[in-house]
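Note sheet for the following structure.
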Amino acid sequence: MRSWMLACVFICTAGFGGAVWAKLDVVFFNPGAVDDSFWGDVDQLMLEAATTLDIKLEIIHSDRNHFKMITQLDELLASAKVLPNYVILVNEKQSAIKMLQALSPHPIYVQLILNDISIGERDVLLQDPHWQEYLLPAIIPDNYAIGSATAKGLMDDLEGKQAKVLLISGDKSTPASVLRTQGASDYFFIQPNATLTQTVYGQWSDAVAYGQALTLLNRYPDLNVIWTASDRMAIGVLKALKEKGLVSGKDVFVSTINTSPEILQLCRQHAVSIIGGGHFMAGALALVELQYYQQHKRYIPYDNVTLFGVLLPDSAFYQMLVARDWPQIFQSQILNKLPFKA
């Protein structure tokens, strides 16, 4: 506890290096809803980080409507008496370029997290002197790697048996969805004992994934592996398996990504075989980086912060997630792993 308090004092009052500076004013455009399992976790850890670092943070939710998110930014820019220093965006369904166009007349630093614009789009923007100053490096977890790692976990559970595989992706355009699915697909493709039946798009919804799983379990009666791109879709799959009289973890092995309380419990019960997670920390890490950037005009190396990994139920991190212990997660998984004196 004492080391945690000392770290807070050091960061909040000394600016990572001795100087005191103006309080950061940050707006985060959250593409999800307040009660979303994943996006709610992003919010909670960011709020913990903002409190610890003494950052003014406003979170605006678009409820999975990227058109609404664009409109919300336009309204902020038109109506705010004082604009924020920093805006954090997510390239949900390729919405970020439109939002960056709206931001371009304003001296506001932009941080992209979780879903970035393409390399080509970033290269074009960085030819503009404005964006050379105001477009900051993105913080993007390795979605391809977690797609591959969760697929590998499913194959390990089969212990060499033949795998008949269904992929339930999120959507066709969000970069995280595309890369997760590609990582899983590529892994299954090179396995001699795996056959990929079909890839469908569950739109991040338990109801949509439930209907898809019911249909495809009828179409492929020997289906025994279902990889999903998010926890809500996995929950829909489990409902379908139960209705078909199939036991998850025995008849059909299911994997997912995200760390909601419900899915963590289902993993402990072996109904879900493999969970990937940790990427909800990207927003809190972004606040730490912005605080440091304001002082030093550079980022702290964060190679030791694990934004994605396969989660083990007996690990300390898993227990923190079950407890929703945001202060301990922020301290142990982010602050303790950053070289503040670098």
Qualifying lysines (Cα of each under 17 Å from Cα of Lys242; at least 8 residues distant if same chain): Lys250
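For the chain, with all protein chains present and a 1.4 Å probe, just round the carbon and sulfur fraction of the accessible area to a whole percent.
Carbon plus sulfur share of accessible area: 55 percent.
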The chain - share of DSSP beta bridges that are antiparallel (%, nearest 5): 5
Protection proxy ranking of 81-90, 123-132, 45-54, 68-77 - average other beta-carbon atoms within 10 Å, highest first: 45-54, 81-90, 68-77, 123-132
Compactness relative to 2.2 N^0.38 Å, alpha carbon Rg of segment 138-284: 0.94
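Pairs Lys161/Lys239; Lys23/Lys56; Lys23/Lys81: which exceed 19 Å Cα-Cα?
Working: Lys161/Lys239 25 Å; Lys23/Lys56 7 Å; Lys23/Lys81 17 Å.
Over 19 Å Cα-Cα: Lys161/Lys239.
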Proximal lysines to Lys68, defined as alpha-carbon separation beneath 20 angstrom and excluding residues fewer than eight positions away on the same chain: Lys93, Lys98, Lys172
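Past the 21 angstrom mark, what percentage of all C-alpha to C-alpha distances in segment 142-209 do you count?
Details: 492 of 2278 pairs.
Percent of Cα pairs beyond 21 Å in segment 142-209: 22.
Please work out the average accessible area per residue across segment 230-338, using the 1.4 Å probe convention, and give it in Å².
Details: 4070 Å² over 109 residues.
Accessible area per residue, segment 230-338: 37 Å².
Probe of 1.4 angstrom, ligands and nucleic acids ignored: what's the accessible area per residue over segment 18-146, in square angstrom?
Working: 5620 Å² over 129 residues.
Value returned for segment 18-146: 44 Å² of accessible area per residue.
The values are calculated or read from the model by the stated rules, or taken from the named source; none is laboratory data. As the structure is a computational prediction, the values presented were derived from the model and not from experiment. Quick reminder, even Gly has a Cβ in these numbers, built from the backbone with ideal geometry, and neighbours come from all protein chains shown. These area figures cover heavy atoms from the full protein model, side chains too; ligands, DNA and RNA do not enter into them. Shrake-Rupley method; radii C 1.70, N 1.55, O 1.52, S 1.80 Å.
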